[in-house]
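Only one structure is covered here, and it is reproduced in the block below.
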Amino acid sequence: MKRRLLPIMLLLAACGTPQQRCIDRETRDLRILDRLIGETEANLQRGFAFETVTVYRRELTTCLEPVTIDGATRIAPRPCFDTVRDTERRPRAIDLAAEARKLDGMQARRRDLARAALPGIAACKTTFPD
């Protein structure tokens, strides 16, 4: 799923104005931290977290195999197994106190990043006026 979204996101990012692209560069870490803060807040509300696990399973499929019959080689279907990779979201227990401390730390860091991004945003607006 993420691989399919990347080209779309790159196209959308290329569509922004130079000012928007500049501001996006200046606030990248801030946006990542906002996403992580939202995830941590949701974990605290639920009382547990989710983890993404890659699962491999065998799936019966049809393979094409060369077969020689009466001196002639032909492609013939045969049943075979293929390994399929899948991802699952599984619930995971968390230490609520540690998660709350982590959230406090991220919120403090967010304030610092927001403050540090202001001069860069102002420079973007000066360099690339709308």
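Data table
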{"read-out": "Single condition Thr62 does not satisfy, out of (1) in contact with a Pro (Cβ under 6 Å, 6 or more places away or on another chain); (2) at pLDDT 95 or above", "value": "(2)"}
{"read-out": "Per-region count, the stretch 28-67, residues in contact with a Lys or Arg (Cβ under 8 Å, 6 or more places away or on another chain) and polar (S, T, N, Q)", "value": "4"}
{"read-out": "Ala98 vs. criteria over 20 Å from Ala49 (Cβ atoms) and either out of contact with any Asp or Glu (no Cβ under 6 Å at 6 or more places or on another chain) or surrounded by 11 or more Cβ atoms within 10 Å (Cβ to Cβ) (or both)", "value": "no"}
{"read-out": "Pick from the stretch 23-60, criterion among the hydroxyl-bearing types (Ser, Thr, Tyr) and loosely packed, with under 11 Cβ neighbours inside 10 Å, ranking: farthest from Ala116 (Cα to Cα)", "value": "Tyr56"}
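The values are calculated or read from the model by the stated rules, or taken from the named source; none is laboratory data. As the structure is a computational prediction, the values presented were derived from the model and not from experiment. Counting neighbours? That spans all protein chains shown, and the Cβs are built from the backbone with ideal geometry, glycine included.
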